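Chemist: Have a look at this one.
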Amino acid sequence: MSKKGEMNVTASLVKQKASYWFGVLELLFFSFIFIMPLYWMFRTALMTVNQAFARPTVWFPNPIVMDAYEEVMWKVDFGKYVWNTLFYCLVPIVGVLFSCPMVAYSLTKIPWKGGNVIFTIILFTMMIPWTVTMIPVYSIWANLGFTNSYVPLLLPTFFGSAYYIYLMRQYMKSLPDSIMEAARIDGASEFRILYTIVYPMCKTVCVTIAVLVFMAHWNDYTGLMLYLKDSSKYTLSYGMAQFGDPQANQWTEMMAASTVSTAPLIVLFFFAQKYFLNGISTTSGLK
Amino acid sequence: MTSSSLPMDAKKMRKKSSIQERRFARQGLLFASPWIIGFLGFTIFPIIMAIYYSFTDYDMFGTTNWVGWENYIDIFDDRYTGRAVKNTIYIALVGVPIGQITALFLATLLNKKNVKGMPIFRTIFYLPTLVPAAACALLFLWVLNGKNGILNIALSSIGLKAPGWLTDPKWTKPALIIMDTWRCGGAMIIYLAALRSVPETFYEAASLDGANNTQKFWNITIPYIAPTIQFNGLMAMIGAFQYFVQAQIFSSITDYGSNAAAGGGPRNSMLFYCLHLYRKAFKQMEMGYACAMAVLLAIVVMIVSYLIMYFSEKKITYSVE
């Protein structure tokens, strides 16, 4: 009887061990698949064209050459692209961090009836396809003479964006109302409460939003494609996309261009991982 | 009760509170004003204009004439639109489930408690989402390259047929789905957070009752995270209807010499609804027609979102009972 019980325990231990190692193997296998395309990109970018096409397949570039990167940087006005990118990614951070906390404060901490109505509308606007407003908005900016400039892409950020207001609201809701009430009794204006009390308490969510805005503008393709005609205004990732031409067979250059537009984001991710993941899980209401 | 019958204090208080209320309403409006202005200027006004344009032959330059329902009728007559709708539904019905299942699967792998180095695996699965869409398209042109792409090298090394992913109209959409599934890290993180929120006691109780892992997964995990599945699924579905950037880059790059009338890759196999809409508006300058397409899309997105929410709500309450 007891022996049988012991055997059962050993059997279940073996089973546990097996399932543990099976889990590890699965993880390794899928990690390998997921990392492979990225590795393929880095690898090809460091090769000569001949090596990239060599058979049997060359897995490690040997020797490592930077020709492709040099080509990419000489073919375009690289410094200009970097400057454009910084401008295009940093201005909207200012815009969003100006408008969204203000609106979120109105929705959560000022007791008025409109707050709920506005929040409902904000949720609703997130479902409206961007193509619906695309043409009229374009024609507004065209009539104002602002096409081929950043204005149509940057100015709207100063009027808030549904998604970031939502993130901000989710966070501000958790701040205790008693602080605002106490400050009001002491005669502080709402602006003062927002800027001296609430803002400092929202540091984490502000950084999260800043990271998300930076990413979104770094990645932006559609907006730039719609409004910019002049290649001297391109950002890094949009400018790099112009290298796409499979007929030219310049795969090493194309991979160098992709690496150039990806690597800074990966570096940013390693420094700000917490904020990336924070933003994602807040969105789903699981925070 | 007349106001004169109130005690003095209460009257004063009420007056004071209504003043306070009005003050709050003013402040609330003031603080929300950036959004209100933006909403009126960049959402409501454009939507009204889009609906108006959809009944005209608007092209931004010439005179605008009222054409009634003509644009809407043309949409149903246009064979390219039919193609675009079919392609879009393909992504919505095949691509979205594959992406969501992969994301959930990876999340369950990451949710094992005892494996060391989990953050590293999580980072590896999440990294692809950091690649900008444009760079990702370039990368996959190379990864999926017919002769020298790594995927085909791998496939032929294990003796499978290596398709021409980006040249064969049958394989272009699977190619896009592979690319998007590779970038499922965002949904994966959300699923992971959901999996971690399932109370451990549920599993312990089930173990005592002799449930195995599969039973636990289907009877505890899935019902518990159903709202998350609904959220992710809905977002992915809305995304699929608006599928654009990847298709735009892929088709503009792979579209050499082929039938360029609509410009949707080999034999228009990558012509998606929004891509067609964009080409109509900005390449052929048929903006009235494009607005009609956009209005129809908005209606469909709203109906589908409503249906998903309606049905999954029913199912969720059912499975919890």
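Chemist: Students often check this: by mean Cβ neighbours within 10 Å, which of A:177-183, A:123-129, B:89-95 ranks highest, and how do the rest follow? Working shown, then result.
Modeler: Numbers: A:177-183: 13.9, A:123-129: 16.1, B:89-95: 17.7.
So the peptides A:177-183, A:123-129, B:89-95, ranked by packing, come out B:89-95, A:123-129, A:177-183.
Chemist: Enter the Cα centre distance for the pair the range A:185-245 and the range B:119-189, rounded to the nearest angstrom.
Modeler: Going from one Cα centre to the other spans 29 Å.
Chemist: Something else: If you take each beta carbon of peptide B:150-157 and count the beta carbons of other chains within 10 angstrom, what is the mean?
Modeler: Whole-number average of other-chain Cβ neighbours for B:150-157 is 3.
Chemist: Now for a separate question. Inside 10 Å of the C-beta atoms of A:86-94, what's the mean count of C-beta atoms belonging to other chains?
Modeler: Per residue, the number of nearby Cβ atoms from other chains is 0 on average.
Chemist: Same structure, new question: Which translational diffusion coefficient, to the nearest whole µm²/s, is obtained for the range A:76-242 from the Stokes-Einstein equation, given a Kirkwood hydrodynamic radius over C-alpha pairs, 10 °C and 1.306 mPa s?
Modeler: 90 µm²/s
Chemist: Quick check on packing: order A:53-63, A:104-114 by the mean number of other C-beta atoms within 10 Å, highest mean leading.
Modeler: A:104-114, A:53-63
Chemist: Please work out how much length the chain gains when fully extended from A:Ile33 to A:Met201, using 0.36 nm per residue of separation minus the C-alpha to C-alpha distance, in nm with one decimal.
Modeler: The span from A:Ile33 to A:Met201 would gain 56.3 nm if fully extended.
Chemist: Using only the alpha carbons, work out the radius of gyration and Dmax of the range A:1-86 in angstrom.
Modeler: 25.1, 81
Chemist: Given a 1.4 angstrom probe, I'd like the percentage of the accessible area of chain B that is carbon and sulfur, rounded to a whole number. Each step should come with its number before you reach the end.
Modeler: On the way: 10400 of 15930 Å².
Ligands and nucleic acids excluded, carbon and sulfur give 65 percent.
Chemist: Here's another thing I want to ask about it. Calculate, axis by axis, the spread of Cα positions in the protein assembly as shown along the three principal axes, and write the results as whole Å, longest axis first.
Modeler: 98, 91, 49
Chemist: Counting heavy atoms of the protein chains only and a 1.4 Å probe, report the per residue accessible area for the range A:1-142 as a whole number of Å².
Modeler: Numbers: 7900 Å² over 142 residues.
Here the residues of the range A:1-142 average 56 Å² of exposed surface.
Chemist: Toward the positive end of the charge dipole of the range A:1-150, about the Cα centre and with charges on Cβ (Lys, Arg +1; Asp, Glu -1), which of A:Val24, A:Trp141, A:Val72 goes farthest?
Modeler: The Cα lying farthest towards the positive end belongs to A:Val24.
Chemist: Turning to a different aspect of this structure: For chain A, return all DSSP H helices satisfying: extent of Cα atoms along own axis at least 18 Å; mean Kyte-Doolittle hydropathy at least 0.0.
Modeler: Helices meeting the span and hydropathy rule in chain A are A:2-45, A:78-108, A:130-143, A:203-219, A:251-271.
Chemist: Which entries of A:Lys17/B:Lys116; B:Lys170/B:Lys283; A:Lys17/B:Lys112; B:Lys173/B:Lys283; A:Lys229/B:Lys283 have Cα-Cα distances beyond 18 Å here?
Modeler: Working: A:Lys17/B:Lys116 14 Å; B:Lys170/B:Lys283 26 Å; A:Lys17/B:Lys112 13 Å; B:Lys173/B:Lys283 23 Å; A:Lys229/B:Lys283 14 Å.
Check vs 18 Å cut-off fails for B:Lys170/B:Lys283; B:Lys173/B:Lys283.
Chemist: What does the charge dipole of chain B about its Cα centre add up to, to the nearest 20 debye, if the Cβ of each Lys and Arg holds +1 and the Cβ of each Asp and Glu holds -1? Don't jump to the answer; show the numbers that get you there.
Modeler: Working: 28 positive and 17 negative charges, 210 e Å.
Rounded to the nearest 20 debye, it is 1020 debye.
Chemist: What dipole magnitude, in Debye to the nearest 20, does the protein assembly as shown give about its Cα centre under +1 on Lys/Arg Cβ and -1 on Asp/Glu Cβ?
Modeler: It works out to roughly 1600 debye.
Chemist: OK, next. Please give the total accessible area that chains B and A bury against each other, computed with a 1.4 Å probe and expressed in Å² to the nearest 100.
Modeler: Interface area, both chains combined: 8100 Å², rounded to the nearest 100.
Chemist: Cα to Cα, under 14 Å, and not fewer than 8 places away if on the same chain: which aspartates and glutamates meet these conditions relative to A:Lys109?
Modeler: Straight-line reach from A:Lys109, under 14 Å: A:Asp177, A:Glu181, A:Glu190, B:Glu21.
Chemist: Round to the nearest 0.05 the FRET efficiency obtained for A:Met73 and A:Val9 when R0 = 51 Å and r is the Cβ-Cβ distance.
Modeler: 0.20
Chemist: Suppose all protein chains stay in the model; what accessible area per residue would a 1.4 Å probe give for the range B:47-173, in Å²?
Modeler: Each residue of the range B:47-173 exposes 48 Å² on average to a 1.4 Å probe.
Chemist: Which of the helices in chain B, when you take each full DSSP H run, stretch at least 18 Å along the axis at their Cα atoms and have an average Kyte-Doolittle score of -0.5 or higher?
Modeler: Taking the DSSP H segments of chain B (at least 18 Å long, mean hydropathy at least -0.5), we get B:8-39, B:96-110, B:222-241, B:287-320.
Chemist: I want to check the label-to-label distance for B:Lys161 and B:Lys16. Put each point 7 Å from Cα in the C-beta direction and report it in nm to one decimal.
Modeler: 8.4 nm
Chemist: Relative to the present Cα-Cα distance, how much length would full extension add between B:Asn212 and B:Ile73 at 0.36 nm per residue of separation? Walk me through the numbers on the way to the answer.
Modeler: Numbers: separation 139, 0.36 × 139 = 50.04 nm, distance 5.62 nm.
Stretched fully, the B:Asn212-B:Ile73 segment lengthens by 44.4 nm.
Chemist: May I pose another question? Which whole number gives the average count of other chain Cβ atoms within 10 Å of the Cβ atoms across peptide B:100-113?
Modeler: Shielding by partners across B:100-113 averages 2.
Chemist: May I ask you to compute the full-extension gain from A:Asp230 to A:Lys274, defined as 0.36 nm times their residue separation minus their alpha-carbon distance, rounded to one decimal in nm?
Modeler: Stretched out fully, the A:Asp230 to A:Lys274 stretch lengthens by 12.1 nm.
Chemist: A further question follows. Need the C-alpha centroid separation for the range A:108-122 versus the range B:212-235, integer Å.
Modeler: Each part's Cα centre sits 32 Å from the other's.
Chemist: Kindly state, as a whole number, the per residue volume in cubic angstrom of the convex hull around the alpha carbon atoms of the range A:1-157. Present the calculation step by step, with values, prior to reporting the outcome.
Modeler: Values: hull volume 50.2 nm³, N = 157.
Taking the convex hull of the Cα positions in the range A:1-157, it is 320 Å³ per residue.
Chemist: Here is a follow-up. Determine, for each peptide in B:25-35, B:271-281, the mean count of other beta carbons within 10 angstrom over its residues, then list the peptides with the highest first.
Modeler: On the way: B:25-35: 19.5, B:271-281: 25.5.
Packing order, densest peptide first, comes out as B:271-281, B:25-35.
Chemist: Moving to a separate point now. Dividing the Cα radius of gyration by the Kirkwood radius, what Rg/Rh value follows for the range B:118-218?
Modeler: Working: Rg = 19.2 Å, Rh = 16.6 Å.
Result: Rg/Rh = 1.16.
Chemist: How much mean residue ellipticity at 222 nm does the protein assembly as shown get from its helices, if each DSSP H run of length 4 or more adds -39500 (n - 2.57) and you divide by all residues, to the nearest 500 deg cm²/dmol?
Modeler: After summing the helix terms and dividing by the residues of the protein assembly as shown, the value is -22000 deg cm²/dmol.
The values are calculated or read from the model by the stated rules, or taken from the named source; none is laboratory data. Worth saying up front: this structure is predicted, and the values here are computed from it rather than measured. Heads up, the Cβs are rebuilt from the backbone with ideal geometry, glycines too, and the neighbour counts pull from every protein chain shown. Accessible surface areas use protein heavy atoms only, side chains included; no ligands, DNA or RNA. Shrake-Rupley method; radii C 1.70, N 1.55, O 1.52, S 1.80 Å.
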